[in-house]
Amino acid sequence: MPERSGGTATAAVIGAGDYIGAAIARRFAAEGFTVVAGRRKGEKLAPLVTEIEARGGRAVGRSLDARKEDEVAAFLQQADALARLEVCIFNVGANVQFPLLETSERVFRKVWEMACYAGFLAGREAARLMLPRGRGSIFFTGATASLRGGVGYAAFASAKFGLRALAQSAARELGPQNIHVAHLVIDAGVDTAWVRERIQEKGGTAALAELAPDRLMKPESVADAYWQLHQQPRDAWTFEHEIRPFGEKW
């Protein structure tokens, strides 16, 4: 089991949005990690950093375009300079839905860059820093679309399929060198403002009101799953971890 960091290690979160990414940052900060969070428009991370610091944690927010090789490399090197990079979590989403004939070349390419290519950059650059020390965790956020395509999800599913394949390849290559690579399949709607708006659009206010309190997955539950993955002893590492609420059909 990895030792508690005690402030001597860094967890980098690439794609630190307002929900899952922020919850992951809070969780690892609470366990003593210095958290370095990156997202487009990094100024939006200021409230999260303030919150973590107010609780006695350490956090840094950075602007980051995860599709840019030089930015990803610099982001992780800066994180490693603060304290040894022990965890890198790639959490970029890029969930869009368009009918096939309405999926433009630009949309398809951009989704692939965000959800697959950027994951390659994050995983490779994290591995460069972790391999010389012989330890570390590299985790990738997947979705239902990582396992099966759906109507309107040609761009998103192909990118998530690719990310899953990347994670599998990296796990087989890096695992024997003591780098834990895992892919987390979030097979459910996550409780975010965007998801609740979509539910209301489809079913009205009544549909939203009828939701059971834990019918949508809480971002904090996703963060707990990542923490549990990092805590696993290496004689029982998980590569792929699927999580879904009790009422989700699968």
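The magnitude of the dipole of the chain, with charges of +1 and -1 set on the Cβ of Lys/Arg and Asp/Glu and taken from the Cα centre, is near 240 debye. Here the chain has 53 percent of its accessible surface on carbon and sulfur atoms, given a 1.4 Å probe and all protein chains in place. In summary, the convex hull built on the alpha carbon positions of the stretch 128-249 has an orientation-averaged projected area of 8.9 nm².
The value for the stretch 14-145 of Rg(Cα) / (2.2 N^0.38 Å) is 1.09. Heavy-atom accessible area, probed at 1.4 angstrom with all protein chains present, ranks F139, F239 as F239, F139, highest first. Calculated accessible area for the chain comes out at 49 Å² per residue, all protein chains present (probe 1.4 Å; ligands, DNA, RNA ignored). Taking 20 Å as the straight-line reach from the Cα of K110, the aspartates and glutamates in range (excluding those fewer than 8 positions away in the same chain) are D65, E69, D70, E71, E102.
The GluC sites (Glu not before Pro) of the stretch 1-84 that DSSP puts in a loop, and whose beta carbon has at most 10 other beta carbons within 10 Å, are E3.
Annotation: lysines with alpha-carbon distance below 20 angstrom to K44 (same-chain offsets under eight excluded): K68.
Can you divide the C-alpha Rg of the stretch 181-250 by 2.2 N^0.38 Å and report the result to two decimal places? Mind showing how you got there, number by number?
Working: Rg = 14.8 Å, N = 70, 2.2 N^0.38 = 11.1 Å.
Normalised Cα radius of gyration, the stretch 181-250: 1.34.
DSSP beta bridges confined to the chain are antiparallel in about 0 percent of cases. Distance between the 7 Å Cα→Cβ label points at F246 and Q77: 5.0 nm. Each label was represented as a point 7 Å from its Cα along the Cα-to-Cβ direction; for E201 and Q177 these points are 4.3 nm apart. Show me the helices of the chain, taken as full DSSP H stretches, that run 27 Å or more along their long axis by Cα and average -1.0 or above in Kyte-Doolittle hydropathy. Flagged H segments are 154-174.
Taking only Cα atoms of the stretch 1-75, what ratio of Rg to Rh do you get with Rh as the Kirkwood inverse-distance radius?
Rounded to two decimals, Rg/Rh equals 0.97.
Rounded to the nearest 20 debye, the dipole size of the stretch 48-128 about its Cα centre is 80 debye, using +1 on the Cβ of Lys and Arg and -1 on the Cβ of Asp and Glu.
The values are calculated or read from the model by the stated rules, or taken from the named source; none is laboratory data. No experiment lies behind these values; they were computed from the predicted model shown. Cβ sites come from the backbone with ideal geometry, for glycine too, and all protein chains shown count toward neighbours. The accessibility values were calculated without ligands, DNA or RNA, using every heavy atom of the protein model including side chains. Shrake-Rupley method; radii C 1.70, N 1.55, O 1.52, S 1.80 Å.
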